[in-house]
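Quick notes on the structure that follows.
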Amino acid sequence: MMTSALVLIAAILLLGGLLAALGDYLGSKVGKARLRIFKLRPRQTATFVTIFTGTLIAASTLGILFATSESLRKGIFRLDEYLNRLQDARNELAEATQDKREVEAELDKAQQRLDTVNRKFQATEEELGRVSQQVQQLKQQLSNLKQEREKLLAERKRLEAQIVEKDQELAQQKEALKTTENRLEALEKQRNELQTEIEKQDQEIADLDAIIEKRDEVLQFQEQKVKKLENKIAESQEKIQALEQYYENYQALRQGNVALVKGEVLAFNLVKIENSQQTEAVIKRILRQANQKAIEATQPGNKDFQEQIVVITESQVKRLEETLASGEEYVVQIVTAGNYLNGEKKIRVFADVVRNQKIFEKGETIASLSLTPQEVRSGKLLERVELLLAASRFRSRRAGIVGNIVVGESNLEVIQFMEELTTINQSYDQIQAIAAKKTYTVGPLRLKLKVMADEQVILTN
């Protein structure tokens, strides 16, 4: 390709030189011959020939170039088109460069978002790892709780076994009560000795009375001594009462015809004295009620018997008056001091005074026992309910309630509760007795029964 280009250049130079020499030769000849062309002057004609020769050189050069080089021919005639295309290509290159920059910017933003997503993903993986650790910890805690529940169940069985042992001990204690008869004989002997001591003290009092009549000047001294002796007599009488109670208990156990037992309530009243002058009348009314009940118990069938058989010490009546005079509301009970047989005409009593105050709140748990479906299916439900009520009764008495214990609105409600419990196909572990409403000293204590499973209420009446 390089050799043909050199040959072309050499040919053009040679042709140009020949045509130049030919033009010069023709110009000289025309000038010497003084020829005229197109009516021009000879000189102008020579110039015209020279110009024509130069033009012919240029035309032949261009002709040769155009004939031999297609790219040169296209470049000369389509130069503007190529320049326009070049400008368009440059513009497109600039646009492509701008697009590239924008794409690179978008790519940087996308890379940043990708980095952010990767960081979030890593954080999510770390959080997932922590959650997995927490799940493992919760599983471990659940396993520990199950083990603790098994321990508690074992502890409950152990406590139930202890209750059985306590019941056996109670039976043994009841048998031990039989041995008290021997002690009663000794106490009766002490009673006789105390009675002798009282007779001696009575004699001393009589002697002192005689001395008082003769010696008025030592009256004050003698009165102090009499008071001391009276205190001794009161103490001796209290001891005699205690001995009589043991003796009466012994006689009642031996004969089996007890009309009134020790601690039996003969009168029960809710009293609030607003006027102190009414105190004596109120106490007399309570004692009349107690006397009437004592007559009905000890004199059955003897409707005409209306004697005063209830005996209470003056010191107890005085203390009762002082207590009631405070103006607060009290529960007054007249209680027997011992066991008394049919036909007895002297019933020693004492006054039990308790302030009427709130004992239990509504919903407060009074007593609770373990109870399982196995025990219910084996027929031990009634036994457990009776034991629960006995525990509730014991706690109410210990708390100071003097009224009765009532479960639900009626016995039918309790029976329905027990029947419904036998039909429950669900696990439970405890039965509770709770206060159905606020309970005061005067009672009664109204109870509701609840069956529980893991501190959740399963059934209530």
**Report entry** LEU449, sole failed condition from (1) closer than 30 Å to GLU264 by Cα; (2) within 30 Å of the chain's Cα centre (by Cα); (3) surrounded by fewer than 17 Cβ atoms within 10 Å (Cβ to Cβ)
**Finding:** (3)
Query raised in the report: Only one residue in GLU127, GLU102, GLU92, GLU148 is of a type in the set (Asp, Glu) and within 30 Å of ILE431 (Cβ to Cβ), so which one is that?
Result: GLU148
Report task. Would you please list the contacts, defined by Cβ atoms under 9 Å and residues six or more apart or on different chains, that run from a residue in the stretch 154-178 that is open to solvent by 100 Å² or more (accessible area, probe 1.4 Å) to a residue that is at pLDDT 80 or above? Result -> LYS157/SER370
Query raised in the report: Is at least one residue of the stretch 133-142 closer than 30 Å to GLY17 by Cα and of a type in the set (Val, Ile, Thr)?
Result: no
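One line per residue, one yes/no per condition, for (1) more than 17 Å from GLU264 (Cα to Cα); (2) at pLDDT 90 or above:
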site	(1), (2)
ARG288	no, yes
ASN302	yes, no
VAL310	no, yes
VAL317	yes, no
GLN333	no, no
VAL349	no, yes
ALA390	yes, no
**Report entry** Residue ranges of helices (runs of 4 or more DSSP H) in the stretch 329-432 with at least 3 members aliphatic (A, V, I, L, M) and open to solvent by 50 Å² or more (accessible area, probe 1.4 Å)
**Finding:** none
Query raised in the report: Mind checking which pairs have a first residue in the stretch 417-443 that is at pLDDT below 85 and a second that is exposed (fewer than 15 other Cβ atoms within 10 Å of the Cβ) and in a helix (DSSP H, G or I), Cβ under 9 Å, 6 or more apart or different chains?
Result: THR441/ALA399
Requested in this report: Just give me the residues in the stretch 445-461 being within 24 Å of ARG149 (Cβ to Cβ) and polar (S, T, N, Q), in sequence order.
Outcome: GLN456, THR460
Query raised in the report: For the stretch 288-322, which residues satisfy the criterion of being in contact (Cβ under 8 Å) with a residue 12 or more places away in the chain, more than 18 Å from ALA337 (Cβ to Cβ) and either open to solvent by less than 60 Å² (accessible area, probe 1.4 Å) or touching a Lys or Arg at 6+ places or on another chain (Cβ under 8 Å) (or both)?
Result: GLN299, GLU307
**Report entry** Which listed residue is modelled with pLDDT under 70, among the hydroxyl-bearing types (Ser, Thr, Tyr) and either surrounded by fewer than 13 Cβ atoms within 10 Å (Cβ to Cβ) or assigned to a helix (DSSP H, G or I) (or both), from THR3, THR61
**Finding:** THR3
Query raised in the report: What is the number of the single condition among (1) within 53 Å of the chain's Cα centre (by Cα); (2) over 21 Å from ARG348 (Cβ atoms) that LEU266 does not meet?
Result: (2)
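The values are calculated or read from the model by the stated rules, or taken from the named source; none is laboratory data. These numbers were taken from a predicted model, which means no experiment stands behind them. Every residue, glycine as well, gets a Cβ built from its backbone with ideal geometry; the counts of neighbours run over all protein chains shown. Accessible surface is based on the protein model in full, side chains and every heavy atom, while ligands, DNA and RNA are left aside. Shrake-Rupley method; radii C 1.70, N 1.55, O 1.52, S 1.80 Å.
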